[in-house]
Amino acid sequence: MLIIDGSVGEGGGQILRTSLALSLITGTPFRMTGIRAGRSKPGLLRQHLAAVNAAVAVGHADVAGNEPSSRELEFRPTALAAGDHTFAVGTAGSATLVLQTVLPALLHASGTSRLVLEGGTHNPFAPPYDFIAGAFVPLLRRIGADIEVDLTRPGFYPAGGGRITASITGGGRLAPLVLEERGTLLRTSAEALYAQVPANVAVREVDLFAGTMGWDRAACRPKRIDDSRGPGNALVATVASANVTEVFVGFGEKGLRVERVVEGVVTEVTRYLAANVPVFEHLADQLLLPLALGPGGVFRTVAPSLHFRTQVDVMKKFIDADVTVEDEGEDRARVTVRGVDVSTR
Amino acid sequence: MARKKLVVLGLLGPSLDAGVARNRWERWRPSIALFQHEALVIDRFELLHEKKFDDLANVVAGDIAHVSPETVVRQTQVSFGDAWDFEQVYGALHDFARSYTFNTDAEDYLVHITTGTHVAQICMFLLCEARYFPARLVQTSPPKRADGGASARGAAGSYALIDLDLSKYDRLASRFRKEQERGQSFLKSGIDTRNAAFNGLIEQVEHVALASRAPVLLTGPTGAGKSHLARKIFELKKTRRKVAGDFAEVNCATLRGDAAMSALFGHVKGAFTGAIGERAGLLRKADGGVLFLDEIGELGLDEQAMLLHAVEEKAFYPVGSDREVKSDFQLIAGTNRDLGASVAKGTFREDLLARINLWTYRLPGLRDRREDIAPNLDFEIAKATASLGVNVTMSKDARERFLTFANASSSTWSGNFRDLNAAVTRMATLATGGRITASVVDDETARLARAWAAITATSGGVGAASDSEGALASVMNEAARAELDRFDRVQLADVVAVCARARSLSDAGRELFAASRRKKASVNDADRLRKYLARFGLAFEELTASASSSR
């Protein structure tokens, strides 16, 4: 059995989710030790359990140690199959992280899976729905993946209560991704989502953001969310280019000044535009796994994050992955992923 | 999955959990926050609330369902009337606890005590401590605002689990263990006794002394230290603030007639001839304290009846008075008699025995705990040093001689600790310059041996006869004993006693027929003993078995 040290690298949920995704597809059982060692609350947290339980359902897996605070997990998938599932995640857990765990596997399994993902859709420290729907899914669709996502109701931290539906038809052949240049800049826009918070918060956000970036104020709008369970606020910036659309999100929080929220998004967008690459950090993290387990491809991105490197390390334990990162300097890197054919199991 | 389900029982907080408007999420609400912790998966929440807070309870339940889809919320209505009235709140929560089905094999329980009135919190605490709720407590607190603003991650605040089972806390457990050891050591007067049975007994006495006000019965041979232990129990209770009153003691063998009644229960002026003034009596003196009645078997039947009434009702009539007097004391009784036999003979009230026979401890005689002779010897020497004002010491040689004698099986120590105390007092007094020498020891051991031999000779009638009753009572019923001639009874009692402590039939045979063994080259003692026992319908195995179970 494959032993994975859960304390290395990023050492958090990322290793776990990556391992689960890889195990589901390859059928390789694994045991993870030292889960979140050295943290103030070590072991599995609720959001991790949600990912594990989702993977168990999708892969009909035998599992041991899937308990709160457990430092060790054993996961043994028996049969990967498409199917319909509802996964609910508790307050701090993001529904999109659950999707991230099972998506690569469901792209492999023949047939259509319909997922209902409940919980947080707009959480800090997790890919928000707008990013998934606006940046990640369109790229997957471009290389041939049959996947649709829809937001039934947003769920902001801490109330949660959001719902995403996803329909994934797997088993089809995907084409390699080639995304080396961004292409002509087509459109920049921003939306300040606000639910149950004063509208002027959102207005100040878009004003400040548009002003700082020098973007057209007409393309930057507040957007009131009426069907949220609890209060929430997010600033979503979109950069659409000829070859790719990138999405950047910052979260407002009670007690956090509007300037800080805007500043965070401005920093990311500015870095992306300056690097003149098509793929930003978070999108690179998300693309790595589907490409490595499928058709492979090549893309340019900013200097890879620790998340990225951790994923590569974990991948090498499961598959004969070949990921090369050529540092081109000035916050640019060229990533080449050789796909591994694991479709015939 | 082997994990036990985690169930939280909690009261709705009408003010802390309040909020039905949309801005409620901006506030910290304990009943919601508890379900927002990343490391805490709660399977069920029993939300208790009053009917008037139905709407709020529904909102809270709905919000929990969103932040914690893993949790099933069950709402239960409770009726306090006045949520600040201790009696009403405790009653309502007690009713709930009694009616709730706790399945501790499959579920772990937490009682959330952050919400509700302070009275309700206290009631929850008490019900947990009394194990009506077999639960740990969980206390939640709002997020800290150290960095100027609440961070989203910290919005749940923090929680602490409190287990009221103090033995689960290592440092507290060792603290209590030390306290216990101090208590036990105190009961033993600081003597480092080695006899396991005796130490076990003291361990129990320490526990009972501090936990109970019920009567205690100390049995055992004269001089085994009953009176001493009774006083020590009182002193221990006094230092731990378990009693406020005094210690009163009397040897019932010294009480006779009208004087007995009045010594115990007091009398009013003119109650009888010579009752010139009023007398409070020992029971009143012991009010709020401890009354030690030594040789309780010697108490007259009238006094026994009065005593039983006093113990049960905490009140009695002084002699000549028609007004009841109250006295709440703890009774410690001492006896060297078999009170069961006294009941059979009609000299002791069965109901009184039943009353005082709750915590019964048999203090072993010195010969049954010879390993404790050495530490007691040191203790007596130290005592003698204090009372004589001379540093009493014992030469190594003298000490060895004394202990060899003391440990010999021929040393019966019939007066037990009284003998040891007297021996040391005599030796210390006779020792020149406080130095006890081998020759002082030799004189003393000779004196002790003579004294014991005299007792054995004279008690052949009285002492042995009553002893034999006890020994035989454990192996034969009364009817069978009545069939025996006195001639056989005494002999059989001794045989039974030897068998009871023997390891095997042959062992007992060797001891019983020791003299004839020396004369003959070979004898089958075991067979001879078996045949003897068979004449009375007894078997060796029964005798040892009954002996070990009665210990």
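Every number in this text was worked out from the coordinates using simple rules, so none of it is lab data. Note that the coordinates shown come from a computational prediction; the quantities given were computed from them, not determined experimentally. Ideal geometry is used to build each Cβ from the backbone, glycine not excepted, and the neighbour counts take in all protein chains shown.
A few comments on the model shown:
- What the pair-distance distribution of segment A:75-163 shows, using all Cα-Cα distances binned every 5 Å from zero, is 3, 14, 24, 24, 18, 12, 5, 0 percent.
- C-alpha long axis of helix B:462-473 to longest principal axis of chain B, angle in °: 50 degrees
- Loop-located trypsin sites (Lys or Arg not before Pro) in segment A:137-194 (DSSP state not H, G, I, E or B) with no more than 11 neighbouring Cβ atoms inside 10 Å: A:173.
- Computed over segment B:5-164, the convex hull of the alpha-carbon atoms projects to a mean area of 9.3 nm².
- Average other protein chain Cβ within 10 Å of Cβ, residues B:26-38: 3
- Across the options A:240, A:214, A:274, the greatest Cα extent toward the positive end of the charge dipole of segment A:185-275 (unit charges at beta carbon of Lys, Arg, Asp, Glu) belongs to A:214.
- Tail weight of P(r) past 23 Å, computed on alpha-carbon pairs of segment B:366-459, percent: 18 percent
- Exposure proxy order (Cβ contacts within 10 Å, fewest to most) of B:429, A:188: B:429, A:188
- Within chain B, the percentage of alpha carbon pairs spaced more than 34 angstrom apart rounds to 61%.
- Taking label points 7 Å from Cα along the Cα-to-Cβ direction, residue A:199 and residue A:71 give a separation of 5.5 nm.
- In segment A:9-144 the Cα-Cα distances spread across 10 Å bins starting at 0 as 13, 43, 36, 8, 0 percent of all pairs.
- For chain B, the longest piece that avoids every one of the GluC sites (Glu not before Pro) found in DSSP loops with at most 16 other C-beta atoms within 10 Å covers B:1-277.
- This model, with +1 at the C-beta of Lys and Arg and -1 at the C-beta of Asp and Glu, gives segment B:366-459 a dipole about its Cα centre of some 120 debye.
- For segment B:5-164, DSSP calls about 20 percent of its internal beta bridges antiparallel.
- Along principal axes, Cα extents of segment A:185-275, largest first, whole Å: 36, 24, 20
- Over all pairs of different C-alpha atoms in chain A, the reciprocal of the mean inverse distance, the Kirkwood hydrodynamic radius, equals 20.4 Å.
- Averaged over B:219-227, number of beta-carbon atoms from partner chains that fall within 10 Å: 0
- Averaging 1/r across all pairs of distinct Cα atoms in segment A:221-345 and inverting the result yields a Kirkwood radius of 16.5 Å.
- Positive-end extreme of charge dipole, the protein assembly as shown - chosen from B:125, A:4, B:31 (charges on Cβ): B:125
- Here the label points at residue A:224 and residue A:267, each 7 Å from Cα along the C-beta direction, are separated by 3.3 nm in the simple model.
- Other protein chain Cβ atoms within 10 Å, averaged over every residue that makes up A:256-266: 1
- Compactness of segment B:172-299 is given as radius of gyration and Dmax, 17.5, 60 Å, from Cα positions.
- Rel. contact order, % - alpha carbon contacts under 8 angstrom, at least six apart, chain B: 9 percent
- Three-way shape label, segment A:133-233, alpha-carbon gyration tensor, a/c 1.5: oblate
- Whole-angstrom Cα spans of segment B:312-429 along principal axes, big to small: 64, 35, 22
- The charge dipole of chain B, taken about its Cα centre with unit charges on the Cβ of Lys, Arg, Asp and Glu (plus for the first two, minus for the last two), comes to roughly 1520 debye.
- Principal-axis analysis of the Cα atoms of chain B puts helix B:396-407 at an angle of about 90° to the longest axis.
- Crossing angle, helix A:258-275 versus chain A [Cα axis fit, 0-90 degrees, rounded to tens]: 70 degrees
- Rounded to 5, percent antiparallel among DSSP beta bridges of chain B: 15 percent
- Extension gain, residue A:326 to residue A:3, is 113.3 nm, computed as 0.36 nm per intervening residue step minus the present C-alpha separation.
- Potential extension, residue B:435-residue B:520 segment - 0.36 nm per residue separation minus Cα distance: 25.8 nm
- Pairs beyond 23 Å (Cα-Cα), from B:51/B:144; B:52/B:144; B:168/B:232; B:237/B:326; B:188/B:238: B:51/B:144; B:52/B:144; B:168/B:232
- Net charge dipole size for the protein assembly as shown [Lys, Arg +1 and Asp, Glu -1 on Cβ; Debye, nearest 20]: 1880 debye
- Placing unit charges on each Cβ (+1 for Lys and Arg, -1 for Asp and Glu) gives chain A a dipole about its Cα centre, and among A:201, A:303, A:139 the Cα reaching farthest toward its positive end belongs to A:201.
- Taking only the C-alpha atoms of the protein assembly as shown, Rg followed by Dmax gives 42.9, 128 Å.
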